[in-house]
Amino acid sequence: MTRIAIYPGSFDPPTRGHEDLIRRSLLLADRLIVAVAVNVSKQPLFGVEERLAMLRTAVGPDPRIEFVSFEGLLADFARRLGASVVVRGLRAVSDFEYEFQMALMNRQLHPSLETVFLVPALDLTYLSSSLVREVARFGGDVSALVHPAVAEALRARFAK
Ligand code: PNS
């Protein structure tokens, strides 16, 4: 049986932390769907197609990985795909409460969907898309935090 995992998120923009989690997720699944959420309440910096393109470039081709966008509930999307696992990253205690609530709500909506938390590489635990956006917005160097294509996209966005 093919085990399908979903790694959902905003990926606004994708960071080295996301890339690390994608690689780790492949140890758990035969197919990994990296799913960019369209309808998150926050106003994203990058459009969904831009985020998908950055993810594809940053991760590179791998027949086990697909990059898709989704609207609506993650639980419904997982059901449609036949995915059995949701992967989320846990970086610090501060992530825990939100992640715990989300995992239990997703279980309520889709009881056989398991959420699995993965811990990123130690040197990436402080990293978040929102911090990367803030550093880039004020002209800081994000080259160690994101793929060069993402750094370039941030430069271009904030040069406007
Ligand atoms: O990268 P993020 O912003 O932490 O990702 C959050 C995301 C997109 C995974 C979450 O908001 C989500 O699953 N949104 C889809 C709508 C949904 O299912 N909401 C209920 C989850 S309890």
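The values are calculated or read from the model by the stated rules, or taken from the named source; none is laboratory data. All values derive from a computational prediction rather than experimental measurement. Here Cβ is always computed from backbone atoms with ideal geometry, including for glycine, and neighbour counts include all displayed protein chains. What goes into the accessible areas is simple: the full protein's heavy atoms, side chains included, and nothing from ligands, DNA or RNA. Shrake-Rupley method; radii C 1.70, N 1.55, O 1.52, S 1.80 Å.
If you go through segment 15-33 one residue at a time, do you hit one that is within 12 Å of the ligand (Cβ to nearest atom) and more than 16 Å from Ser129 (Cα to Cα)?
No, segment 15-33 has no match at all.
Taking the residues in segment 6-44 that are in a loop (DSSP other than H, G, I, E, B) and of a type in the set (A, V, I, L, M, F, W, C) as candidates, determine which candidate is surrounded by the most Cβ atoms within 10 Å (Cβ to Cβ). Let's see the steps before the verdict.
The initial filter retains those residues of segment 6-44 that are in a loop (DSSP other than H, G, I, E, B), namely 10-15, 26-30, 38-44.
Within this subset, residues satisfying the condition of being of a type in the set (A, V, I, L, M, F, W, C) are 11, 26-29, 38, 40.
Numbers: Phe11: 26, Leu26: 16, Leu27: 7, Leu28: 13, Ala29: 21, Val38: 14, Val40: 11.
Top of the filtered list is Phe11.
Which pairs do you get when a residue that is of a type in the set (Phe, Trp, Tyr), found in segment 60-75, comes within reach of a residue that is within 11 Å of the ligand (Cβ to nearest atom) and modelled with pLDDT of 95 or more, reach meaning Cβ atoms under 6 angstrom, with the pair 6+ apart or on two chains?
Taking only residues 6 or more apart or on different chains, the pairs are Phe70/Ala35; Phe70/Phe77.
Any residue in segment 91-111 that's more than 28 Å from Ala121 (Cβ to Cβ) and within 8 Å of the ligand (Cβ to nearest atom): show its pairings with residues that are of a type in the set (A, V, I, L, M, F, W, C) and open to solvent by less than 90 Å² (accessible area, probe 1.4 Å) at Cβ separation under 6 Å, as long as the two are six or more apart or on different chains.
Between residues of segment 91-111 that are more than 28 Å from Ala121 (Cβ to Cβ) and within 8 Å of the ligand (Cβ to nearest atom) and residues that are of a type in the set (A, V, I, L, M, F, W, C) and open to solvent by less than 90 Å² (accessible area, probe 1.4 Å), the close pairs are Leu109/Ala75.
Assess whether Glu66 counts as being charged (D, E, K, R), touching a strand residue (DSSP E or B) at 6+ places or on another chain (Cβ under 7 Å), open to solvent by 50 Å² or more (accessible area, probe 1.4 Å) and within 30 Å of Ala156 (Cβ to Cβ). Spell out how you get there, then give the answer.
On the way: charged (D, E, K, R): yes; touching a strand residue (DSSP E or B) at 6+ places or on another chain (Cβ under 7 Å): yes; open to solvent by 50 Å² or more (accessible area, probe 1.4 Å): yes; within 30 Å of Ala156 (Cβ to Cβ): yes.
The answer is yes for Glu66.
Under 6 Å between Cβ atoms, at least 6 apart or on separate chains: pull out the pairs that start in segment 21-38 with a residue that is among the hydroxyl-bearing types (Ser, Thr, Tyr) and end on any residue that is within 12 Å of the ligand (Cβ to nearest atom).
Ser25/Tyr7; Ser25/Val87
Quick one: count up the residues across segment 107-134 that are farther than 16 Å from Phe11 by Cα and either open to solvent by less than 50 Å² (accessible area, probe 1.4 Å) or among the β-branched types (Val, Ile, Thr) (or both). Steps first, please.
In the first step, residues of segment 107-134 are kept if they are farther than 16 Å from Phe11 by Cα; the result is 107-119, 121-123.
If we keep only those that are either open to solvent by less than 50 Å² (accessible area, probe 1.4 Å) or among the β-branched types (Val, Ile, Thr) (or both) as well, we get 110, 113, 115-116, 118-119, 121.
The total comes to 7.
Which count do you get for residues in segment 88-106 that are open to solvent by 80 Å² or more (accessible area, probe 1.4 Å) and basic (Lys, Arg)?
1
Residue-by-condition table, conditions (1) within 14 Å of the chain's Cα centre (by Cα); (2) within 12 Å of the ligand (Cβ to nearest atom):
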{"position": "Gly47", "(1), (2)": "no, no"}
{"position": "Phe70", "(1), (2)": "yes, yes"}
{"position": "Leu81", "(1), (2)": "no, no"}
{"position": "Leu113", "(1), (2)": "no, yes"}
{"position": "Phe117", "(1), (2)": "yes, no"}
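When you scan segment 56-63, do you find a residue that is more than 13 Å from the ligand (Cβ to nearest atom), touching a helix residue (DSSP H, G or I) at 6+ places or on another chain (Cβ under 7 Å) and not aliphatic (A, V, I, L, M), even just one?
Here is the first cut: in segment 56-63, the residues more than 13 Å from the ligand (Cβ to nearest atom) are 56-63.
Filter again for touching a helix residue (DSSP H, G or I) at 6+ places or on another chain (Cβ under 7 Å), leaving 57-59.
From the residues that got through so far, the ones that are not aliphatic (A, V, I, L, M) too are 57.
Yes: segment 56-63 contains one or more residues that are more than 13 Å from the ligand (Cβ to nearest atom), touching a helix residue (DSSP H, G or I) at 6+ places or on another chain (Cβ under 7 Å) and not aliphatic (A, V, I, L, M).
Looking at segment 49-68, which of its residues are within 12 Å of the chain's Cα centre (by Cα) and farther than 18 Å from Gly17 by Cα?
Val68
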